[in-house]
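Encoded as structure tokens, the structure appears first; notes follow it.
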Amino acid sequence: MEHPAGESDEGSLRVDFDRRLHLEFHGSRITSDAGLLAYRELDDALGLTDLAGGVLSDGRRGKNTRHLLTGLFRQSVFGRLAGYEDVNDADRLAHDPAMRAIVDRGGLDRAAASTSQMGRFETAWLSSEANLAALADLSGAWIDRVHECKPQTAIVLDMDSSVSETHGAQEGTAYNGHFACMCYHPLFVFNQFGDLERCALRPGNVHSADGWKDVLEPVIARYRNKMKRRYFRGDAAFANPEVYELLEAEGYKYAIRLPANSVLQELIGWLLKRPVGRPPHEVRRYHASFSYQAGSWAKPRRVVAKVEWHPDELYPRLGFIVTNMRCPAERVVMFYNHRGTAEQHIKEGKSAVAWTRLSCHSFKANAVRLQLHALAYNLANFLRTLALPVEVEQWSMTTLRDRLVKIGAKIVRHSRSITFQMAEVMVPRGLFEKILSAIAALRLLPLARC
């Protein structure tokens, strides 16, 4: 039977191509995730998981609690950050020296939480109504901490939905015709820095904008008296007069895709006539701006139209955007086109922290998992936006996980210190030192502690 800590008492292994090589396994003295210590340093500088410990309620009773609530929370978030998608790997991670160092100061002297303990923590304690609501608010609270260190005067919110495929009889799963699969249909709100402001898990068969107000209103409330300039972008799913009215009442400038109809096409009929002469070899774009009032709108609003004639295409490509921005039509279209970054953030979350891995049977348990994945995503993005040196500032989250997080290290214990002897294959000492220096600089900034 394998040793639970990864140690081997059966001697070394040999390979035939070079008999001089001996393979030994020392799981509790070697880690493949030493780069997590940089994320833990950032977490400590900003007080993120300590903030979580202050808002989450502990469902355990009695004084015999082996693991602190913040330690369990860190193990959940940092495990996902390292690519361990659920609690099935907790038994092994419990003996990993990097994870033990992350959990709490006494972690290196004892194992972290086991699979059963982590399972109870995520599916029982965190799935209570109070804790699930606190988790949903936590992403915004973390972002506020970042903005205290790096003040902003403008915020751009992008709202979009995505798909999380399901496999089995999970609560809330349903067939979605647009995605052509059995799935959940989560909703996300990002800001212009890639931070996930808020998210919510929804059944698979709901409309793309279902429950938009419950997700968007808390974000709007947080920024109500903070940002001078506030913007919102959304696709055609959010072309709803209730959305327009809320944004207008809150002082937001918005650009939302408007589904085409015959009335809109008639208003730009002069742009839909094929240009006279030989078809061009390049794309020709035309813009128009006009006032329009749909039957469900209480007042007319500005609509911007974009018409593109592509070579070898018989009909033009049309796009309509409803907006309250006053800038030229070309700039409105350019602003709206940046909404595509939200789709890139969703793809990055899927690949880097696997937030589509929602494999619990209970819908509430899967909602908890989505929030934990979101927090892991945000922590990874904070490091990228606050601490990465210029030479690697374009690294994606997947690259950060593969190169920074997955640093191998050997642990050497001394009487008064513990040394992580780290490999320099992908991240040399100088680069890691710059990251730690950038994090240290954050500690010098005035930061409101809870």
Q: Compute the accessible area per residue over the range 25-169, keeping the other protein chains in place, probe 1.4 Å, unit Å².
A: 38 Å²
Q) How would Tyr84, Tyr254 line up by accessible area, probe 1.4 Å, largest first? A) Tyr84, Tyr254
Q: Place a +1 charge on the Cβ of each Lys and Arg in the chain and a -1 charge on the Cβ of each Asp and Glu, then give the dipole magnitude about the Cα centre in debye, rounded to the nearest 20.
A: 1200 debye
Q. For the chain, with the dipole built from +1 on Lys and Arg beta-carbon atoms and -1 on Asp and Glu ones, taken about the Cα centre, which of Phe188, Pro151, Ala134 lies farthest toward the positive end?
A. Pro151
Q. Roughly speaking, to the nearest percent, how much of the chain's 1.4 Å accessible area is carbon and sulfur?
A. 52 percent
Q) Quick one: helix 212-222 against the long Cα principal axis of the chain, what's the angle to the nearest 10°, folded into 0 to 90? A) 70 degrees
Q. How many angstrom separate the Cα center of the range 84-148 from the Cα center of the range 231-264?
A. 38 Å
Q. Taking only Cα atoms, what is the 0 to 90° angle, nearest 10, from helix 36-46's long axis to the longest principal axis of the chain?
A. 70 degrees
Q | Most mobile listed residue (Ser127, Ser359, Ser437) in the chain, GNM with C-alpha springs under 10 Å | A | Ser437
**Q.** Correct option for percent of Cα pairs over 37 Å apart [calculated from the coordinates] among (1) 25; (2) 36; (3) 17
**A.** (2)
Q | FRET efficiency estimate (nearest 0.05) - Cβ-Cβ, Trp297 to His207, R0 25 angstrom | A | 0.80
**Q.** Gaussian network model of the chain, springs between alpha carbon atoms under 10 Å - residue of Ile407, Ile268, Ile435 with greatest fluctuation
**A.** Ile268
Q. Among Phe320, Phe335, Phe73, whose mean-square fluctuation peaks in a Gaussian network model of the chain (Cα, cutoff 10 Å)?
A. Phe335
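Report relative contact order for the chain in percent, whole number only (criteria: Cα-Cα under 8 Å, sequence separation at least 6). Intermediate results must be reported in sequence, preceding the final value.
Details: 713 pairs, mean separation 88.6, N = 450.
Across the chain, relative contact order equals 20 percent.
Please go through the residue pairs Lys150/Lys213; Lys213/Lys406; Lys253/Lys350; Lys150/Lys410; Lys226/Lys347 and name each one whose alpha carbons sit more than 32 Å apart in this structure.
Flagged as over cut-off: Lys213/Lys406; Lys150/Lys410.
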Q: Could you tell me how many degrees, from 0 to 90 and to the nearest 10, lie between the Cα long axis of helix 363-386 and the main elongation axis, the longest principal axis, of the Cα atoms of the chain?
A: 90 degrees
Q. Pulled fully out, how much extra length does the chain show between Leu444 and Gln265, if you take 0.36 nm times their separation in residues and subtract their Cα-Cα distance?
A. 58.7 nm
Q | Accessible area (Å², per residue) of the range 315-450, counting only protein heavy atoms and a probe of 1.4 Å | A | 51 Å²
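The values are calculated or read from the model by the stated rules, or taken from the named source; none is laboratory data. Keep in mind that this is a model prediction, so the values were computed, not measured. Glycine gets a Cβ as well: all are built from the backbone with ideal geometry, and neighbour counts include every protein chain shown. Surface accessibility is based on the protein's heavy atoms, side chains included, excluding ligands, DNA and RNA. Shrake-Rupley method; radii C 1.70, N 1.55, O 1.52, S 1.80 Å.
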